[in-house]
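A.B. asks: Okay, here's the structure, questions in a sec.
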Amino acid sequence: MPAAIRFSPLSRALGARVSGIDLSRPLPQTDYEKVHAAWMRFGILLFRDQAVTPEQHVAFAQRFGELMVYTRSENAHSTFPELLVLSNVVDNGKPIGAAISGRYWHTDGHFLDSPPAGSLLHGKEVPPEGGDTFFASMTAAYDALSPRLRARIDALRIVIDRVQTLRYHYPERAAPPANQKDKWPDKVQPLVRTHPVTGRKALYLGGLVPWRIVGLPVSRSEPLMKALQRVALNPRFQYRHHWRAGDAILWDNRCVIHRATDYDMARFRRMMVRATIAGDAAY
Ligand code: SIN
């Protein structure tokens, strides 16, 4: 008899560990419905001790929506381009994926017309120390705001300037060339996002970039953004995951932000594979 599916919370704000699911096997409809409902409730789901081929990874993730080839296509898996390889491993002198993945708070594809709905990240090889991933619930952060502040920000929109973002996220790199704006034009996004499935509202402000609020002068936009970011990044809305090889995490990109952490890349190997689930325009 297959094991019963169980969900055990990982932290107060978000996350649950799922037992009784094998990602390498087809997911029956009734199990899918339980897992999907838990994903909507907890924001992130952890599956331990999973061994999947790229094909099985794709097949499991596809149950939660159509997959997309993420923007960093140079790091895509050679046979399954919808899988993104995040790794410091070098094979025959060639990096097998992106060595540095987002080490700053972010929501994936904030700068896209249709940002991803979520991702399924599988840890194949993980360092014994470091290389953790933080997740934070933007639904919990929104709920923590006063009713007055919520009413004030509910209809606001922010300008996502990807070129500006690169300067904040990678300060050590040279400034991006001016023509980057042609490739990545500014994108206006709601500051508060309504989840298309649960109907719950969440802060949709990505990480620590001082985004400009449409229609407000910088003198009012900047302090408001800073105040909201302080709430959003309060540790009480976070879960920190220390990876074990075989862990897989499914996160809901519409209401959870995340960031990777450093590890000793000279001593340890880290190999993560991510399937990105396509989403809709934020509203
Ligand atoms: C990501 O930002 O998609 C990956 C996070 C990680 O490598 O821990």
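A.B. asks: Does at least one position in region 53-66 carry a residue that is touching a His at 6+ places or on another chain (Cβ under 7 Å), modelled with pLDDT of 95 or more and surrounded by fewer than 19 Cβ atoms within 10 Å (Cβ to Cβ)?
C.D. replies: Yes, because at least one residue in region 53-66 is touching a His at 6+ places or on another chain (Cβ under 7 Å), modelled with pLDDT of 95 or more and surrounded by fewer than 19 Cβ atoms within 10 Å (Cβ to Cβ).
A.B. asks: Counting only residues that are of a type outside the set (A, V, I, L, M) and open to solvent by less than 60 Å² (accessible area, probe 1.4 Å), which one in region 199-230 is nearest to the chain's Cα centre (by Cα)?
C.D. replies: Among those that are of a type outside the set (A, V, I, L, M) and open to solvent by less than 60 Å² (accessible area, probe 1.4 Å), it is Gly206.
A.B. asks: Then there's this: Quick one: in region 231-266, of everything that is within 23 Å of Ala140 (Cα to Cα) and in a loop (DSSP other than H, G, I, E, B), which residue is nearest to the chain's Cα centre (by Cα)?
C.D. replies: It comes out as Asn253.
A.B. asks: Here is a follow-up. Of the residues that sit in region 267-276 and are touching a Gly at 6+ places or on another chain (Cβ under 9 Å) and assigned to a loop (DSSP other than H, G, I, E, B), which one is nearest to the ligand (Cβ to nearest atom)?
C.D. replies: Ranking the qualifying residues of region 267-276, first place goes to Arg270.
A.B. asks: When only residues in region 238-258 that are within 22 Å of His57 (Cα to Cα) and among the basic types (Lys, Arg) count, which is most open to solvent (accessible area, probe 1.4 Å)?
C.D. replies: Arg244
A.B. asks: Let me ask something additional. In region 90-114, what residues are more than 13 Å from the ligand (Cβ to nearest atom) and either in a loop (DSSP other than H, G, I, E, B) or among the hydrophobic types (A, V, I, L, M, F, W, C) (or both)?
C.D. replies: Initial filter on region 90-114 (more than 13 Å from the ligand (Cβ to nearest atom)): 90-96, 111-114.
If the condition is that a residue be more than 13 Å from the ligand (Cβ to nearest atom) and either in a loop (DSSP other than H, G, I, E, B) or among the hydrophobic types (A, V, I, L, M, F, W, C) (or both), then Val90, Asn92, Gly93, Ile96, Phe111, Leu112, Asp113, Ser114 are the ones that fit.
The values are calculated or read from the model by the stated rules, or taken from the named source; none is laboratory data. For clarity, every value in this text was computed on a predicted model and none was experimentally measured. Virtual Cβ from ideal backbone geometry, glycine too; neighbours counted across all protein chains shown. In case anyone asks, the SASA skips ligands and DNA or RNA and just uses the protein heavy atoms, side chains included. Shrake-Rupley method; radii C 1.70, N 1.55, O 1.52, S 1.80 Å.
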